[in-house]
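Accompanying notes for the structure given below.
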Amino acid sequence: MVSIEDWGNKYNRAPKVTLNSSKYVEGICEMITGEKLHYAKVGLNLSPADTLLFKATIDEESRKICEKEGWIEAICFGVLDVMLIGPMTPVNNFSCVISHVEINPRRSSKLAFRFAARTAVQDFFSKEPYQKIYGWGYKE
């Protein structure tokens with residue numbers, strides 16, 4: 001079993017890899033677990049950077065709700081799910097600006113925001129130039 005400390009050390013020793021393009025992407029999650037419908041939508045600006053950077057530029061009311069519920073962290077973890085453990089390992093230097101969120105008072109959850117962020121980053125890599133490199137969504 002790998003400890004968090006071991007994984008962190010491996011991450012810190014990994015070559016520093018960044019993105020080679022910038023793009024705005026959106027991700028949405030609408031799924032059912034048990035009797036609960038989960039919903040979230042996020043808009044992310046992903047771009048190259050010299051270090052790992054997360055920033056939220058959403059409106060103040062949404063920011064307060066997201067911080068109270070832990071949804072900002074869930075979005076960050078969703079992005080990291082794909083960037084650090086995806087088909088190229090790891091993309092560890094990039095900027096992610098959370099610029100848009102859609103919240104449903106009854107249906108939004110940490111799980112929904114994490115999956116919406118994952119979907120957005122996967123969409124990022126399904127576009128040129130990454131689709132040819134990694135094969136996500138690419139067809140000749």
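Of everything in the stretch 86-106 that is under 15 Å from ALA120 (Cα atoms) and β-branched (Val, Ile, Thr), the residue that is surrounded by the fewest Cβ atoms within 10 Å (Cβ to Cβ) is VAL97. Within the stretch 9-29, being under 27 Å from SER109 (Cα atoms) and either of a type in the set (A, V, I, L, M, F, W, C) or without any contact (Cβ under 8 Å) to a residue 60 or more places away in the chain (or both) holds for VAL25, ILE28, CYS29. The condition of being modelled with pLDDT of 95 or more, crowded, with 20+ Cβ neighbours inside 10 Å and aromatic (Phe, Trp, Tyr) holds for PHE115. So GLY8 fits all but one of (1) modelled with pLDDT of 95 or more; (2) assigned to a helix (DSSP H, G or I); (3) among the small types (Gly, Ala, Ser); what number is the exception? Just one mismatch for GLY8, condition (1).
Inspect the stretch 98-110 for any residue being outside any strand (DSSP E or B) and touching a Gly at 6+ places or on another chain (Cβ under 7 Å) and give the result as yes or no. There is at least one residue in the stretch 98-110 that is outside any strand (DSSP E or B) and touching a Gly at 6+ places or on another chain (Cβ under 7 Å).
Within the stretch 1-40, can you find the residues that are closer than 14 Å to ALA112 by Cβ and among the aliphatic types (A, V, I, L, M)? If the condition is that a residue be closer than 14 Å to ALA112 by Cβ and among the aliphatic types (A, V, I, L, M), then ILE28, MET31, ILE32, LEU37, ALA40 are the ones that fit. Inspection of the stretch 34-41 finds a residue satisfying the criterion of being part of a strand (DSSP E or B) and touching a Leu at 6+ places or on another chain (Cβ under 7 Å).
Picking from residues in the stretch 62-82 that are surrounded by fewer than 16 Cβ atoms within 10 Å (Cβ to Cβ) and basic (Lys, Arg), the one that is farthest from HIS100 (Cα to Cα) is LYS68.
Close contacts from the stretch 55-76, counting a first residue that is closer than 15 Å to LYS110 by Cβ and a second that is modelled with pLDDT under 95 and hydroxyl-bearing (Ser, Thr, Tyr), with Cβ to Cβ under 8 Å and a gap of 6+ residues or different chains, come to none at all.
Checked against the criterion of being touching a strand residue (DSSP E or B) at 6+ places or on another chain (Cβ under 7 Å), within 18 Å of ALA120 (Cα to Cα) and assigned to a loop (DSSP other than H, G, I, E, B), the stretch 21-29 has at least one qualifying residue.
The values are calculated or read from the model by the stated rules, or taken from the named source; none is laboratory data. Keep in mind it's a predicted model, so treat the numbers as computed, not measured. Every residue, glycine among them, receives a Cβ derived from its backbone with ideal geometry; neighbour counts consider all protein chains shown.
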